[in-house]
1. Can you give the accessible area per residue of the chain, in Å², using a 1.4 Å probe?
2. Net charge near Ile149, counting Lys/Arg +1 and Asp/Glu -1 over other residues with Cβ under 9 Å of its Cβ?
3. Once label points are set 7 Å from the Cα along Cα→Cβ at both Glu455 and Arg334, what is their separation, rounded to one decimal in nm?
4. Taking all pairs of different Cα atoms in region 372-418, averaging 1/r and flipping that mean, what Kirkwood radius in angstroms comes out?
5. In sequence order, what are the phi-derived ³J(HN,Hα) couplings for region 40-45 according to the Karplus relation 6.51 cos²θ - 1.76 cosθ + 1.60 with θ = phi - 60°, rounded to whole Hz, with x for glycine and proline?
6. Just checking my list [x] -0.45, -0.58, -1.08, -1.53; [y] -0.55, -0.68, -1.10, -1.35; [z] -0.40, -0.51, -0.91, -1.23 against log10 I(q)/I(0) by the Debye sum over Cα atoms at q = 0.08, 0.09, 0.12, 0.14 Å⁻¹ computed from this structure; which label fits?
7. May I ask you to evaluate 6.51 cos²θ - 1.76 cosθ + 1.60, the Karplus curve with θ = phi - 60°, for each residue of region 335-348 and list the ³J(HN,Hα) values in order in whole Hz, giving x for glycine and proline?
8. Please work out, to two decimal places, the log10 of the ratio I(q)/I(0) at q = 0.11, 0.18, 0.21 Å⁻¹ from a Debye calculation in which every Cα of region 173-320 carries one identical scatterer.
Amino acid sequence: PSYGARLLSYDESSLRNSATVLKTIVDGSFVAVICEDEYEAVKAQKHLSEQVKWSVTKQISVNTSMPELLKSLTVETSQVRNAPVPFPEESRHVKASYYKPYVMHGSIAPSCAVARYSEGLLEIWTHSQGAYPLRDFISRLVKIPASQIHVTCIRGSGCYGHNGSDDAAAEAALIAVSFPGRHIRLQWSREQEHAWEPYGTAMYMELEAILANDGRISHFRNSIWSDAHYIRGAKGYLNAEVLRANPVERKINPAGSGGYRNADLYYEVPNQTITANFFAGPLRTSNLRSLGSYANLFAVESFMDELALQAGIDPFEFRIMHLKDERAIEVLVRLKRIISHITKENNEGIGIAFSRYKNSAAYIAVAAQIKVHPSTFKIKPVKLWAVVDAGEVISLDSVINQIEGGMIQATSWTLLEEVKFDEQGITSRNWASYPILRFNDVPEVEVEVISRPNE
């Protein structure tokens with residue numbers, strides 16, 4: 001039922017009366033039932049879930065605001081970047097803070113794997129992101145040499161980043177080893193996928209800046225709070241490892257796992273101070289698209305608009321005056337040209353942003369036209385634009401697909417998605433409690449790609 005729950009007892013004798021079970025496997029708090037078909041397995045699982053007894057020792061404290069909770073859980077602080085001229089505290093400065101909640105992969109279909117153990121060979125079919133790393137992790141779990149494990153990657157519900165696919169494969173492997181000679185198919189339910197996958201961590205950012213008389217940023221300071229963005233391969237990263245009779249304690253070091261990616265400005269600002277605060281949060285987290293960049297760029301670019309407003313300078317011009325990189329400037333200039341003729345209706349606005357991923361990869365300038373309902377304040381995306389410079393492009397359609405998908409997913413994250421939880425555990429266990437952008441709400445997306453075959 002929750003991360004800290006441990007198995008106290010269950011009644012296997014009554015289970016036989018509710019479903020046709022081939023075998024029950026109990027290893028600590030890991031309980032599995034093997035049935036000939038899916039319907040029998042679902043009946044058996046439902047019966048066990050209703051009468052099994054658990055102890056719950058680990059409780060989540062939610063008696064404070066999420067930013068305050070995250071700050072209180074800080075375990076390590078790192079000075080990522082120090083300004084040559086310290087931030088003059090006495091000067092008049094602009095401040096803002098931003099928060100990103102926990103978000104999930106939310107794969108449309110739950111994770112699934114098939115495993116078979118026969119004559120010393122363990123075969124696994126999975127949609128994992130990496131066959132060879134997963135083979136090593138499962139070897140550690142089932143105590144079978146990696147040379148006797150064969151992992152085949154097949155198409156599944158998704159695995160970009162770290163969703164539940166590795167867990168499903170590991171669980172299928174554990175069951176197959178206990179029941180040799182047969183193919184074991186294991187599929188998570190929707191509730192299991194929502195509640196047990198590794199999430200993208202919540203983050204909190206506090207930004208400050210000083211504007212010089214000419215409107216330029218003279219000092220910039222950014223403090224970030226983040227949990228781990230990458231745990232794959234760490235001890236205890238698989239759910240099954242921490243549930244077994246001899247559990248592996250999940251020890252995750254959040255430092256250096258992508259939390260401060262894109263936290264420092266790509267803009268020409270002479271004095272930048274970046275502080276990364278790492279916390280050990282209440283929920284299981286791992287890598288989800290772009291790691292810390294999504295939250296950091298949302299904060300940085302929202303803050304650039306705040307500064308442009310304070311300086312009384314057009315948001316496009318404010319960004320361009322802080323850039324020397326001609327490729328960065330060009331994506332902004334082209335975007336401005338595209339949206340300059342757009343007419344806005346009542347309660348509509350257009351926002352813009354710029355980034356260079358990791359401050360070293362592809363350039364992008366984006367715009368979003370939104371409509372705000374005057375009484376409910378609900379935000380509806382009308383249209384999105386992007387101008388992209390990814391250097392030499394091998395497949396133009398693939399680049400456009402990547403940008404469209406990223407922008408639609410980011411829209412869903414920003415407007416709708418948040419993993420909810422309370423003292424008992426995760427409460428976002430279905431699409432009603434964790435809504436995502438529906439097809440009829442997807443805005444039109446227009447992408448322009450700058451061709452640079454020599455870059």
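1. About 48 Å² of surface per residue is accessible.
2. Working: positive: Arg135; negative: Glu123, Asp136.
For residues surrounding Ile149, the net value is -1.
3. A separation of 0.8 nm, rounded to one decimal place.
4. Its Kirkwood hydrodynamic radius stands at 12.8 Å.
5. Values per residue, Gly and Pro as x: 5, 5, 5, 4, 5, 5 Hz.
6. Identified label for the calculated read-out: [y].
7. 5, 4, 5, 5, 9, 5, 9, 6, 8, 10, 7, 4, 6, 10
8. Relative scattering, expressed as log10 I(q)/I(0), comes to -0.58, -1.03, -1.24.
The values are calculated or read from the model by the stated rules, or taken from the named source; none is laboratory data. Since this is a predicted model, take the numbers as computed values, not measurements. Neighbour counts run over all protein chains shown; Cβ positions are idealised from the backbone, glycine included. The accessibility values were calculated without ligands, DNA or RNA, using every heavy atom of the protein model including side chains. Shrake-Rupley method; radii C 1.70, N 1.55, O 1.52, S 1.80 Å.
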